[in-house]
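The values are calculated or read from the model by the stated rules, or taken from the named source; none is laboratory data. Predicted model only: the values in this text are computed from it and were never measured. A quick note on method: Cβ atoms are made from the backbone with ideal geometry, for glycine too, and the neighbour counts reach across all protein chains shown. In case anyone asks, the SASA skips ligands and DNA or RNA and just uses the protein heavy atoms, side chains included. Shrake-Rupley method; radii C 1.70, N 1.55, O 1.52, S 1.80 Å.
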Amino acid sequence: MTDQAYNFAYLDEQTKRMIRRALLKALAVPGYQVPFASREMPMPYGWGTGGVQVTAACLTPEDRLKVIDQGADDTTNAVSIRKFFERTAEVETTEHTAEATVIQTRHRIPEQPLEEGQILVYQVPIPEPLRFLEPRETETRKMHALEEYGLMHVKLYEDIAHNGAISTAYAYPVKVEGRYVMDPSPIPKFDNPKLESAAIQLFGAGREQRIYALPPHTKVVSLDFEDHPFEASKADHDCDLCGCGSSYLDEVITDDAGGRMFVCSDTDFCATRQAEGHRGALSPQEEYA
Amino acid sequence: MYVAVKGGERAIDAAHEWLAEERRGDAAVPELTVPQIREQMALAVNRVMAEGSLYDPDLAALAIKQARGDLIEAIFLIRAYRTTLPRLGHSAPVDTGAMRCDRRISATFKDVPGGQVLGPTFDYTHRLLDFALEAEGEAPRAREAEPRREPTPRVTEFLNKDGLIQDEPRTDATPPDMTREPMEYPAGRPLRLQALTRGDEGFVLGMAYSTQRGYGRNHPFVGELRIGAVEVEMEVPELGFPVCIGELTLTECETVNQFAGSKLEPAQFTRGYGLVFGQTERKAISMALVDRALRWEELGEENIGAPAQDEEFVLAHSDNIQGTGFLEHIKLPHYVDFQSELELVRKMRAEALGTAKFKEAAE
């Protein structure tokens, strides 16, 4: 395979135009799922083909791309997707959130607030928030058209009745600009408040052939009840490496005797804090010397 | 002590090296060539072409070699390649009536004009391992006969002459293209047939089998099964007439299905249709059965809620590249979501245990 045999950012210009049209429609109707003729990509469905197509349609040679998976730049699939664009688009890449013009993500929103001019591209497995309540696409499209979201509220109510709490921890449904109920992709609900952002947020679901979007400063409300308000929860710890008390944490098992530590899931955020001199409970001692 | 999970990139490179070495296997054993796979693994090549939706035996053989014989992986390689190819134009519909048949059988009539031609089939072989194949021998040669020159008539046309089988309306409308437009339901028959012909052989077989066992039964007979070469013609604007640009081997199956008739229509047979690249008759027959089951609405039949009658269910799950990708993506890290669930379960357990203690204290 010669890389020259492929167009800039892999997709041909006709395909990019088709995707850009879908993106513009999605931005014009925030939260609405726009069908698009998703292409077969050289990575498997379910591994970010939607996000990759959206990123490919957005990239220009001047862009600086960051790719994260689970908040980390160095997870294997993030490495693989970053390499794909290094190879097919030859764009600059970065691990620093502030430096990136386009960020493709799976399952997280960076801790550092995004700014105007930045684009956040989400990889979406199941774009339909109503899918697990109603498996048929023909039905769910009707429900969105009629703004018929009673089923979702019943589900959330039943959660509370059975478990005393809404038992959705990630991919927590939101209502966009008071109209469409939207799946924010499987981000932890801790990230939901960050969906109201200055950046453009684009969601690509390749296998399911859907694109949707949140324009900057769109109102995004996590579904809840007055007496059971939404709560953006996280592990009740500080990061053991940078000491941050407000970032989303991964729990890392350190031995087979129940030992564990908590570290920021956003690796760039954590590394930046450590470089600034912040320390956590388990930071290596020698660094103080 | 926690060590940051760095080195994903090096791990990927090393994994790819190992994969390449494993692909080659024991270097003391001669390497397979692509022509060997194309010639001697022809039915695997056919399946990869059919489900990859790209008729190119050499590329399919290469994909099988690269995929270490994992056919779904090979189909994936072909699909990912196919999607990058420019579309130069459209061929005219192929005329399977003019097929040069290697095999042509009908189960509905003892003999038919054009004859019953078994062709190179496993059908009546005894499935006994042939240990002679372990040794290298001379290439076997089959006896030869004069090939038939004239076109082979269709069995269903004989029934159609008497009005005994429901007629298919002809149309010159350009069919939709599922690789260029997002799927919308109801999809309609042209899209259904497109999806079925590139659908996973195992899935389509399973769906077809389920109809035979009563989940949407439609009493199929193989009216005709034919396998052979057809010419592909294309209209070249500068010339103003169609020219032959190549040949395809296809398998076509037409089933004849019972239909009880209704108050408005007298009893008549109906059809299911399967057409697949290469010699792929299990798939073509399966496709015809599923096609027929999906036609319940247009034929005024009852929907008994069988999976094979459910267009959205069948079409949304027939593609093995979509299926395998989504299934296998659960190997990717999900620890952020899992952490979120972990917190929620801990919290809910703590609250539940707290309530229980409170109750105990009150009692």
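Descriptive notes on the structure:
- Most to least packed among B:87-98, B:173-184, B:151-162 [average Cβ atoms within 10 Å]: B:151-162, B:173-184, B:87-98
- The mean count of C-beta atoms from other chains within 10 Å of the C-beta of residues in B:340-350, rounded to a whole number, is 5.
- Farthest towards the positive end of the charge dipole of chain B, among the residues B:ILE12, B:GLY305, B:GLY25, is the Cα of B:GLY305, using unit charges on the Cβ of Lys, Arg, Asp and Glu.
- Three-way shape label, the range B:227-363, alpha-carbon gyration tensor, a/c 1.5: oblate
- Within the accessible surface of chain A, defined with a 1.4 Å probe on protein heavy atoms only, the carbon and sulfur portion equals 51 percent.
- Mean ellipticity per residue at 222 nm, deg cm²/dmol - from DSSP H runs of n ≥ 4 across chain B, formula -39500 (n - 2.57): -12000 deg cm²/dmol
- Qualifying GluC sites (Glu not before Pro) in the range A:32-87, where qualification requires a DSSP coil assignment and no more than 11 other C-beta atoms within 10 Å, comprise A:GLU62.
- Surface burial for A against B, with a 1.4 Å probe and both sides summed, reaches about 4600 Å² of accessible area.
- Burial of 30 Å² or greater, the range A:58-89 residues [accessible area, probe 1.4 Å, versus chain by itself]: A:GLN70, A:ASP74, A:THR76, A:VAL79, A:LYS83
- Other protein chain C-beta atoms within 10 Å of residue C-beta, averaged over B:316-326: 4.
- Taking the C-alpha atoms only, the angle from helix B:201-212 to the longest principal axis of chain B is near 70 degrees.
- A simple charge model with +1 on the Cβ of Lys and Arg, -1 on the Cβ of Asp and Glu and nothing else charged puts the dipole of the range A:1-106 at about 540 debye relative to its Cα centre.
- Residue-averaged beta-carbon neighbours from other chains (10 angstrom radius) around A:155-165: 1
- Top of A:THR267, A:THR93, A:THR138 by mean-square fluctuation, Gaussian network on chain A, Cα under 10 Å: A:THR138
- Cα-centre dipole for the range B:78-121 with unit charges at Cβ (Lys and Arg positive, Asp and Glu negative), debye to 20: 220
- A viscosity of 0.890 mPa s and a temperature of 25 °C, combined with the Kirkwood radius over C-alpha pairs in the Stokes-Einstein formula, give the protein assembly as shown a diffusion coefficient of 87 µm²/s.
- Within the range A:105-176, trypsin sites (Lys or Arg not before Pro) in DSSP loop having at most 13 other beta-carbon neighbours inside 10 Å: none
- Share of carbon and sulfur in the accessible heavy-atom surface of the range B:9-82 [1.4 Å probe, %]: 56
- Reciprocal mean inverse distance between Cα atoms of the range B:55-114 - Kirkwood radius, Å: 15.1
- Relative to the Cα centre, the charge distribution of the protein assembly as shown, modelled as +1 at Lys and Arg Cβ and -1 at Asp and Glu Cβ, gives a dipole magnitude of about 1340 debye.
- Separation of the alpha carbons by more than 30 angstrom is noted, of A:LYS16/A:LYS83; A:LYS155/A:LYS219; A:LYS155/B:LYS347; A:LYS142/A:LYS219; A:LYS66/B:LYS65; A:LYS83/A:LYS219, for A:LYS66/B:LYS65; A:LYS83/A:LYS219.
- Loop-located chymotrypsin sites (Phe, Trp or Tyr not before Pro) in the range A:53-151 whose Cβ has at most 11 other Cβ within 10 Å (DSSP): A:PHE132
- Residue of B:GLY274, B:GLY188, B:GLY223 that the Gaussian network model of chain B assigns the largest fluctuation, springs spanning Cα pairs under 10 Å: B:GLY188
- Heavy-atom surface of the protein assembly as shown, accessible at 1.4 Å and reported per residue (Å²): 53
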